[in-house]
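The values are calculated or read from the model by the stated rules, or taken from the named source; none is laboratory data. Treat the numbers as computed from the prediction; the structure is a model and nothing was measured. Cβ placement follows ideal geometry from the backbone for every residue including glycine, while neighbour counts extend to all protein chains displayed.
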There are 2 protein chains.
Amino acid sequence: MHDSMKVVALAGGVGGAKLAHGLAQLLPPENLTVIVNTGDDFEHFGLRISPDLDTVCYTLAGLANPDTGWGRSGESWNAIENVSRLGGPGWFHLGDQDLGTHLERTRRLQMGQSLSEVTRAFCQAWNVQAAVLPMSDDQVMTWVETEEMGWLQFQSYFVEHHCEPRVRRFAMKGLEQAHPAPGLIEAIEKADVVVFCPSNPWVSINPILDLPQVRDHVARKAKQSSGATVAVSPIIGGQAVKGPLAKLYQELGIPPTATAVAEQYEGLLSGFVLDQVDENQAERVAALGMQPLVTDTLMKSAGDRRRLAEEVMAFCERILGEQSLL
Amino acid sequence: MHDSMKVVALAGGVGGAKLAHGLAQLLPPENLTVIVNTGDDFEHFGLRISPDLDTVCYTLAGLANPDTGWGRSGESWNAIENVSRLGGPGWFHLGDQDLGTHLERTRRLQMGQSLSEVTRAFCQAWNVQAAVLPMSDDQVMTWVETEEMGWLQFQSYFVEHHCEPRVRRFAMKGLEQAHPAPGLIEAIEKADVVVFCPSNPWVSINPILDLPQVRDHVARKAKQSSGATVAVSPIIGGQAVKGPLAKLYQELGIPPTATAVAEQYEGLLSGFVLDQVDENQAERVAALGMQPLVTDTLMKSAGDRRRLAEEVMAFCERILGEQSLL
């Protein structure tokens, strides 16, 4: 019964938030820890903005805009419209309610609270019961080297320039000096299951894995006989459900396939979840040493999130059951 | 004709903004410079907030909330409500449109623009044609020593604690090292008329006068035969129209009267404008070496602002005319 299994989910933005929400609907809150990428955090107008963390928390809290997946439902845009009127940069979509989050986060960080402490307090206020951990309390910044514009901060590439420049490579500034957030390594060690949510491997999952010790701990769990580590493919039929992932693969000279995602995670996973349209790739995934699960991975409705989470958990139970027979 | 007179107005918040607006309706924009107190500027949530500057600019731009005098008309409060829900301080009334101003001001200051430059750009965007100068580009902070709570930052005293603590004295941190904003001294030197708007002497007008050189330049103009320096009393019938001024005088052991205001400005003024309810104080004002003008000084409507501005300008013309006869 997955009720008693301890689960860690690694998540980026919208896709990650959706599966985390499915898991949160299914599991007792004390058994779910969501570790969220903070590599695309940045400072804007002097405020500290954590896009993925906010997307995950708003989604788990039921506050997210159901149309966009990011931002708040019932949002107003009066502050950023006034910024634009004053000639300031309006490209980052700062809603008024959302601004409240950034204001209070910035205030608390300036008072000396850590990002983990701030996140815990916000989750309490929003009645989010699962544990949500930023990947690190230290600032890590994703930079993107592009053909046309040189190095760009991730949010500038992603939002200001609509992912249009061609990408050469990524760099994570501050990653080597960063520590995993308090409790992160322990959560992975204690977990029966680690789920890589359907997020962008380059800019959402890798920054978490690249923190000191994290990749090693996940790899060890993949090889253990007492842990299941599975990823859900963010590529379906050669397309990313959201974001620039398919375009990124192409620019980096890699065909955008579920298999390409699995290859990025080689050595880290005991199972891999592909969409039914990619069924013909199941064998290639199996050849990478991962059990494949083929199912409908597209999460259009809240019901889809829960169904996919159930299938992922049942898949992990099977993997754990087989391990116990060895 | 006051059309050709060069006018400098010293202003704090709501009362100052109203008379400045009256003068702006009357004078060619190139002949009006409004110098605004920035001693009650502060940092909140990491943003730089300039309450008096914003009140003056919003009022001159026709963007001010007509009910409160401060803040924006048609304002929404979604950001600060979300801050409160997260347990943060909601005491400073940060409207969403108003936040846009603070965000863009903070961004520009962090880029290295001066507060004067930012203010000039904002006035252009808001179509404010008179010159509006912050008193200084350097940070000066008004602190208030109270009986009950010790030293408080001015906005904490004024807004968070509703001016309730009893005041012992004021301190302006950074004032001695601060420079008057570029063009401020020149504007006073070239002015035919300097008007002290009906603002709080302690926390709005004195911080401007206490900047290096400013008091001397105003005093010299008061003694010249080619300049009129006049103040409009912020005290009417022993009461302040707005704010804690009457209470302040009492706590400092001074009866709250128009005469008390005139005494604070002794040596700086050639004329002083009292409300008709204070007519009996005209003689005492005259004894301080200032010509008194008794009129209706309460500005309830936009028409009142213009009428009072006209009376003040006519008064200054009389003073200048008499000087030229000497």
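Observations on the model:
- Residues of segment A:257-278 classified as farther than 27 Å from A:Asp192 by Cα and surrounded by fewer than 19 Cβ atoms within 10 Å (Cβ to Cβ), total: 1
- Counted residues, segment B:215-248 - those being in a helix (DSSP H, G or I) and either farther than 30 Å from B:Glu148 by Cβ or free of Cβ contacts under 8 Å to residues at least 12 places away in the same chain (or both): 10
Listed here are the residues, each with its yes/no results for (1) in contact with a Leu (Cβ under 7 Å, 6 or more places away or on another chain); (2) over 22 Å from A:Leu115 (Cβ atoms).
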{"residue": "A:Glu186", "(1), (2)": "no, no"}
{"residue": "A:Ser199", "(1), (2)": "no, no"}
{"residue": "A:Arg215", "(1), (2)": "yes, no"}
{"residue": "A:Ser225", "(1), (2)": "yes, yes"}
{"residue": "A:Val230", "(1), (2)": "yes, yes"}
{"residue": "A:Gly238", "(1), (2)": "no, yes"}
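- Selection count where residues are in contact (Cβ under 8 Å) with a residue 24 or more places away in the chain, over 15 Å from A:Leu53 (Cα atoms) and more than 7 Å from chain B (Cβ to nearest Cβ), scope segment A:95-108: 1
- Residues that are touching a helix residue (DSSP H, G or I) at 6+ places or on another chain (Cβ under 6 Å), surrounded by fewer than 20 Cβ atoms within 10 Å (Cβ to Cβ) and part of a helix (DSSP H, G or I), drawn from segment B:46-84: none
- Inter-residue pairs, beta-carbon under 9 Å, first at the interface with chain B (Cβ under 10 Å from one of its Cβ atoms) and in segment A:42-66, second of a type in the set (Lys, Arg), 6+ apart: A:His44/B:Arg107; A:Phe45/B:Arg107; A:Gly46/B:Arg48; A:Gly46/B:Arg107; A:Leu47/A:Arg105; A:Arg48/A:Arg105; A:Leu63/A:Arg72
- Those residues of segment A:249-275 which are of a type in the set (Asp, Glu) and not in a loop (DSSP other than H, G, I, E, B), in sequence order: A:Glu251, A:Glu263, A:Asp275
- Residues being β-branched (Val, Ile, Thr) and over 18 Å from the mean Cα position of the chain (by Cα) - total across segment B:161-192: 1
The rows are residues; the columns are (1) within 14 Å of chain B (Cβ to nearest Cβ); (2) in contact with a helix residue (DSSP H, G or I) (Cβ under 8 Å, 6 or more places away or on another chain); (3) not aromatic (Phe, Trp, Tyr).
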site	(1), (2), (3)
A:Ser116	no, no, yes
A:Trp126	yes, yes, no
A:Gln139	no, no, yes
A:Thr142	no, yes, yes
A:Glu145	no, no, yes
A:His161	no, no, yes
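- Test result for A:Gln129, of a type in the set (S, T, N, Q), under 17 Å from A:Leu47 (Cα atoms), assigned by TED's automatic domain parsing to the domain that holds A:Ala20 and not in a helix (DSSP H, G or I): no
- Evaluating B:Ser156 against the criteria (1) more than 9 Å from chain A (Cβ to nearest Cβ); (2) under 25 Å from A:Leu99 (Cβ atoms); (3) part of a loop (DSSP other than H, G, I, E, B) leaves one unmet condition, (3).
- Condition met for B:Leu26 (surrounded by fewer than 24 Cβ atoms within 10 Å (Cβ to Cβ), aliphatic (A, V, I, L, M) and either closer than 21 Å to B:Leu184 by Cβ or away from chain A (no Cβ under 14 Å) (or both)): yes
- Unique residue being under 28 Å from A:Leu274 (Cβ atoms) and crowded, with 23+ Cβ neighbours inside 10 Å when the list is A:Val167, A:Val203, A:Val241: A:Val203
- Which listed residue is under 30 Å from B:Arg220 (Cα atoms) and either among the charged types (D, E, K, R) or crowded, with 23+ Cβ neighbours inside 10 Å (or both), from B:Leu94, B:Leu133, B:Leu175: B:Leu133
- Meets criteria (more than 14 Å from every other protein chain (Cβ to nearest Cβ), more than 30 Å from B:Val128 (Cα to Cα) and within 21 Å of the chain's Cα centre (by Cα)) for A:Ala17: yes
- Check on B:Gly90, without any contact (Cβ under 8 Å) to a residue 24 or more places away in the chain and part of a loop (DSSP other than H, G, I, E, B): yes
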